Structures are given as structure tokens and as C-alpha cells.
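The values are calculated or read from the model by the stated rules, or taken from the named source; none is laboratory data. Just so it is clear, the model here is predicted, and its values are computed rather than measured. We place every Cβ from the backbone using ideal geometry, glycine too, and count neighbours over all the protein chains shown.
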Amino acid sequence: MKLTVLGQYGKGLVQCAAVLGEQIQDQIERLKWSLWHGQVDKALGKIDDLETSIEPFSETYARFAPLVKALSALRTYIVNNQHVIPNYGERYRNGEPIATGFVESTVTKW
């Protein structure tokens, strides 16, 4: 999923500032969890929180602009597809399929 891209940015932020970068990585993980469980509104709120949290890196992180763009693209994707974002955690517990490959193949690159 495209959230993997955010995870890579998070690793880069840790290189700039370990403690704050790790806190942002934790926020990214919580965002992933919210989406995994179909909590779209919470996920959008977590994107807002991430946008605020990354602001201190605007001058020091070389990939800041692409990170901002990735968060914006993720927000757009979630808003445009919120009606079809399932609760994968529930599906998993019920033994239902949780593969997303067919969906991801239709998503354009960030």
C-alpha cells in the first residue's frame, strides 16, 4: 500500500532528528492501523496531525516537499474512496480475503 512510502519518509525523518522522527513514525503506524480498521475519519485526523508534526522539518529534511505531497495525495485518495475502504481487521477475524493488490493496481502513483 502507498502507506509504505510514508514509512520510508518516516525513516528519513529519524535520520534528521531521532526522537521527533520516531514520534512521527509512530503516528504513521497509528494512521495505518486506523485505515486497516476502516476508521476513515480517524485516519484523516491523523493525517492532519502528521502535517502539523512534520512542520519542524520544513527547512532540514531534503524530502520535505515530496512528503507533504504524499500526505496530500493520501488524503485525497481516502476522501475519494472512503465509501469502499473496508475494515480489514474485521475481515481478517472473519476469515475473509484481505488482499488489496487488485485495488492498488488501479491507483496512480503519488
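At a glance:
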read-out	value
The stretch 6-48, residues that are of a type in the set (A, V, I, L, M, F, W, C), more than 9 Å from the chain's Cα centre (by Cα) and part of a helix (DSSP H, G or I)	Leu13, Val14, Cys16, Ala18, Val19, Leu20, Ile24, Trp33, Trp36, Val40, Leu44
Verdict on Glu51 being more than 30 Å from Asn94 (Cβ to Cβ), acidic (Asp, Glu) and at pLDDT 95 or above	yes
Positions within the stretch 12-38 being of a type outside the set (D, E, K, R), in contact with a Leu (Cβ under 6 Å, 6 or more places away or on another chain) and in contact (Cβ under 8 Å) with a residue 24 or more places away in the chain, in sequence order	Ile24, Gln27, Ile28
Residue list for the stretch 70-110, filter: modelled with pLDDT under 85 and in a loop (DSSP other than H, G, I, E, B)	Pro97, Ile98, Ala99, Thr100, Ser105, Thr106, Val107, Thr108, Lys109, Trp110
Unmet criterion (only one of (1) under 19 Å from Gln8 (Cα atoms); (2) surrounded by 13 or more Cβ atoms within 10 Å (Cβ to Cβ)) for Gln39	(1)
